[in-house]
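What follows is a single structure, written as structure tokens, with notes after it.
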Amino acid sequence: MKNKIIGLIDFERVNVLLESFNKTTGFVTAILDLDGNVLSKSGWQTICTEFHRINPKTAEQCKTSDTVLATKMAFGEKYHFYKCLNGLIDVAIPIVIKNEHIANLFTGQFFFEKPDYSFFINQAKKYGFNEKNYIDALEKVPVKTEEDVKTAMEFLLNMTELIADLSLQQLDQIQLNNAFHENQLKLKEQNYELQKAIENAEKSENYLNNILNNMGDSVFVTDDQSRILIANDAFCNIMGLPREQIIGKTLAEKVLPEEIDTFLKIDRQVLSDGIENINVETLTVAQGRTLTISTRKTRYIDQTGRKYIIGVIRDITEQTLAEEQRAKLYTRFERISANVPGAIFEFCLNPDGSTSIPFASGAINKIYGVSPNEAKTDATKIFELIHPDDRENFFNSISESAEKLSKWHNEHRINLSSGNTIWVEGTSTPQKLADGSIIWYGYIDDITERKKAEIELIESKSFFEQLFIQSNTSTQLLDSEGWCVKINPKLSELFGVLPEHIEGRKYNIFQDDEIIRTGVVNHLKKVFEKKETVQWDVNFDIQHASESTGVQVSKPERKWFHNTSYPILNATGELIFVIIQHEDITDRKLAEQEVIKLNRNLEKRVEKRTIELTNSQAALLNLLEDLNEKSGQLQQSTEKLEAKNKELETFTYSVSHDLKAPLRGID
């Protein structure tokens, strides 16, 4: 029963919704049966498709996760979070049809927080994965917030309900169709038997009644005045009247006035032209019950030329209700489609080469300016809008997909009637039908803004790459964990290291003993943890760094560097990269050291000379004191001498005076 119900799921349409969901949200999806078989998938992560589900041991862990862990749902849970045995977060949503759990809708292959790289590195070694490729695949696995996941779960819960409802309605429709076909066959047999029964009515009335009353459908015979001559038990039951209140009456007498004209008009037409009439109509019977019926009326002419109508009524009320329910589900599908940014469509290529778009969501009008009804029978109205330079590639892609029945994907430009040109991207899956036509179930979206962003990104990337490469400043780019992503030629020249020896998870700055020894790690923590811009000088031993990390260098020197490091943040303020720039200041530092040395020598010489001068000054002071003392003594001697001179002058004067006196006497 499970396999039968699973076979009713329209995976082509489901895949379109899931792929558009993946493109819109980035969440991967899959539908797996309870044995772990993949029935549908979209957007799976490389780490799963190229590693976990390839290796026999990890693939077995995937199957256990999909079948055992996924079913451990707590009471009242609508969906179940769990960590798969290979280390990723998955979410399982049960698909239940007629109270039977037939499959699971999965999303996941993400993390709630940054992964533990050591776990996955060990896992790569354990299962023989190429470590670089495996870690590269790991880094593509997104980190989602619980809010993002809850929002996605609401959509996927609606999806599982829609899948269940569509499958249930399809199952009911198949059962009704089977019953209808069986009844059609029976009806043909019954008509044949009825014809024979009428011809032999006079011979075997009891036989006729037995045949009529054993028919499941309501059977009646009227004359050319629409009076009921024969009615089986089923007819009496559907009318809710005993046979005696039916025979000899017209059907019009037992129904609402607005239904009378339709019944009598059809009777007259069949009696006139003899063409069998099959009509779906409403019939209001006893107690005001309104049924939807399918009535088949056939003319019969007996041997005397009298005309009769043989009628068969089938109650298709339940079938009609089922079709109405299906229409409601279709409307619901359109509403869900309306919430998808792009357009969901079916594209049909007929054996004669004609094309049509049997179904398209309303978004197709927003993209192409063509309504779903306009494109329903002829797709050329859309093809005419394709940019002339893109048409050949577009039609070739369809031809290739039709020939190989491979997935179709194409990006092309559309020239709108407004004069604007937009870019669109289409993805679809083909299916070949029994009549030779091919139908694609797909999704198409306006990617103009994305194309503009891609062009701007390419230009911006080219500009910054050239800026990075041509910069005369040694620069390295690190990821948020300290792994070297890229170096520029100036750094390669300065440190003597080749890019292939350091880029791509080969060098982690936090594992460099020289970084730790010199205390640079403390500056880096401010950048990585506090997201600050930091500058520092360091005397760096390149040889020691090379030996501690295993990175080959051709210049094992010790140099002085002035470093500037600043964080690169994304739109949400999370650290994604760190840039470090290095300036070789060895010559400047050596010059500074030489100046310091010269200053120290000068200071010593000044100190020595100062001591010498100090000593000389003391001697000079002593000499000065001696001079002062001698000067005093000289002064005293001078004063004594002057006194003696005065005495001598006095004596001389006296002697002269005394000598002159006798001489005057001689004169």
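The values are calculated or read from the model by the stated rules, or taken from the named source; none is laboratory data. Because the structure is a prediction, the values reported are computed rather than measured. As a convention, Cβ positions derive from the backbone with ideal geometry for all residues, glycine included, and neighbour counts pool all protein chains shown. For the accessible areas, the whole protein counts, side chains as well, though only heavy atoms, and no ligand, DNA or RNA atoms are used. Shrake-Rupley method; radii C 1.70, N 1.55, O 1.52, S 1.80 Å.
When DSSP beta bridges are limited to those with both residues in the chain, what percentage is antiparallel, rounded to the nearest 5?
Roughly 100 percent of the beta bridges in the chain run antiparallel, per DSSP.
Excluding residues on the same chain fewer than 8 positions from Lys646, give the aspartates and glutamates whose Cα lies under 19 Å from its Cα.
Asp658
Between [x] 24.6, 75; [y] 26.5, 94; [z] 52.5, 234, which matches Rg and Dmax of the Cα atoms in Å calculated for the structure shown?
[z]
Sequence neighbours fewer than 8 away in the same chain don't count; with that in mind, list the lysines whose C-alpha is under 19 Å from Lys297.
Lys186, Lys188, Lys196, Lys249, Lys254, Lys265, Lys307
Going down the table (Lys125/Lys490; Lys366/Lys404; Lys63/Lys83; Lys41/Lys404), which pairs top 24 Å between alpha carbons?
Exceeds cut-off: Lys125/Lys490; Lys366/Lys404.
Return the distance in nm (one decimal) between the two label points of a simple spin-label model at Glu154 and Lys265, each offset 7 Å from Cα along Cα→Cβ.
Spacing of the two 7 Å Cα→Cβ label points: 5.0 nm.
Quote the relative contact order of the chain in percent (integer), defining contacts as alpha-carbon pairs under 8 Å separated by 6+ residues.
It rounds to 6 percent for the chain.
Considering only Cα-Cα distances, which of the following residue pairs are longer than 29 Å: Lys72/Lys98; Lys328/Lys451; Lys23/Lys150?
Violating the 29 Å limit, Cα to Cα: Lys328/Lys451.
Could you check the spin-label model distance between Thr304 and Arg391? Points 7 Å from the Cα along Cα→Cβ, value in nm.
7.4
What FRET efficiency comes out for the pair Leu602/Gln633, r = Cβ-Cβ distance, R0 = 41 Å, nearest 0.05?
0.35
Explain nothing, just compute: Karplus ³J(HN,Hα) = 6.51 cos²θ - 1.76 cosθ + 1.60, θ = phi - 60°, for every residue of the stretch 405-411 in order, whole Hz, x for Gly and Pro.
3J(HN,Hα) across the stretch 405-411, in whole Hz: 6, 9, 4, 9, 8, 7, 10.
Would you mind listing how long the stretch 533-647 runs along its three principal axes, going by Cα atoms, in whole Å with the largest first?
For the stretch 533-647, the Cα extents along the three principal axes come out at 115, 38, 18 Å.
Return the calculated 222 nm mean residue ellipticity for the chain, to the nearest 500 deg cm²/dmol, obtained by summing -39500 (n - 2.57) across DSSP H runs with n ≥ 4 and dividing by the residue count.
Helix-only estimate at 222 nm: -16500 deg cm²/dmol.
R0 = 51 Å: FRET efficiency of Val595 with Arg332, Cβ-based, nearest 0.05?
0.05
I'd like the accessible area for Leu467: 1.4 Å probe, protein heavy atoms, all chains in place, Å² to the nearest 10.
So the heavy atoms of Leu467 present about 100 Å² to solvent.
Using a 1.4 Å probe and ignoring any ligands, DNA or RNA, find the accessible area of Asp390 and quote it in Å² to the nearest 10.
20
May I ask for the net charge around Trp423, where only other residues with Cβ less than 12 Å from the Cβ of Trp423 are counted and Lys, Arg are +1 while Asp, Glu are -1?
Combined, the nearby Lys, Arg, Asp and Glu give -3.
Please give the FRET efficiency for Ser418 paired with Ser354, using the beta carbon to beta carbon distance and R0 = 30 Å, rounded to the nearest 0.05.
So, using R0 = 30 Å, E works out to roughly 0.55.
Around Trp44, with a cut-off of 13 angstrom between Cβ atoms, what is the net charge of the other residues, counting Lys and Arg +1 and Asp and Glu -1?
Charge balance near Trp44 sits at -1.
What net charge is computed for the residues neighbouring Ile444, neighbours being all others with C-beta under 12 Å from the C-beta of Ile444, Lys and Arg scored +1, Asp and Glu -1?
Overall, the nearby charge balance is -4.
Can you find, among Asn277, Ile54, Ile447, the residue sitting farthest towards the positive end of the charge dipole of the chain, where Lys and Arg contribute +1 and Asp and Glu -1 at Cβ?
Ile54
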